[in-house]
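Working notes, beginning with the structure itself.
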């Protein structure tokens, strides 16, 4: 088995890269998806968020209004840190459980942990290798504008995260996503083959 952490920044193409790894046969654990699941009504993380941020972050059906919550935490970095403290421990417990299940059933698996926020220290605990999906800030802003954000909001969200260049310092593999989808797909296939040879 081999475990790699895939990271990037907002709109850096990480989700596309993760999808290509999955198509090639890797087992992808999506930390964002786990976070969404753990923030459903009645879950531990949901309760902590409502207790701290108030019922103003809820939709009528009691689900968390993610866009409203995002506007709060991206305007105040300390609030983003507080949100991460509430959600991340629960995510890590769940991903460890899933990892153990995969390795029990498929000892030679290539596991890709899709982690938006990844520090060098945590990367070493989480995986044997680190893959960074890298994109220029101009491309990130363009992609975010296609999602409906203006340039000011896009830059604010990019700057709220660790820079991609900082993540390059502890990357074992880098996939550049500024070119075509076909080029990105080729890079993913190359990295996947290298990882598979390490199992």
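Of the residues 195, 144, 149, the single one that is surrounded by 14 or more Cβ atoms within 10 Å (Cβ to Cβ), modelled with pLDDT of 95 or more and more than 15 Å from the chain's Cα centre (by Cα) is 195. With respect to the conditions (1) surrounded by 15 or more Cβ atoms within 10 Å (Cβ to Cβ); (2) in contact with a helix residue (DSSP H, G or I) (Cβ under 9 Å, 6 or more places away or on another chain); (3) outside any loop (DSSP other than H, G, I, E, B), residue 170 falls short on a single one, namely (3).
Conditions (1) in the same structural domain as residue 81 (by TED's automatic domain parsing); (2) touching a residue at least 12 places away in the same chain (Cβ under 8 Å), marked per residue:
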{"position": "97", "(1), (2)": "yes, no"}
{"position": "103", "(1), (2)": "yes, yes"}
{"position": "130", "(1), (2)": "no, yes"}
{"position": "152", "(1), (2)": "no, no"}
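Among the residues of the stretch 42-64, those that are closer than 24 Å to residue 95 by Cα, assigned to a loop (DSSP other than H, G, I, E, B) and either touching a helix residue (DSSP H, G or I) at 6+ places or on another chain (Cβ under 9 Å) or not assigned by TED's automatic domain parsing to the domain that holds residue 79 (or both) comprise 43, 63. Do you know which of the residues in the stretch 20-32 that are in contact with a strand residue (DSSP E or B) (Cβ under 8 Å, 6 or more places away or on another chain) and not in a strand (DSSP E or B) is modelled with the lowest pLDDT? This residue is 32.
Check 98, 49, 3 and return the single one that is crowded, with 19+ Cβ neighbours inside 10 Å, within 28 Å of residue 135 (Cβ to Cβ) and either at pLDDT below 90 or in contact with a strand residue (DSSP E or B) (Cβ under 9 Å, 6 or more places away or on another chain) (or both). On inspection, the qualifying residue turns out to be 3.
The values are calculated or read from the model by the stated rules, or taken from the named source; none is laboratory data. Since the model is a prediction, treat every value here as computed from it, not as a measurement. Reconstructed Cβ throughout: ideal geometry from the backbone, glycine too, with neighbour counts over all protein chains shown.
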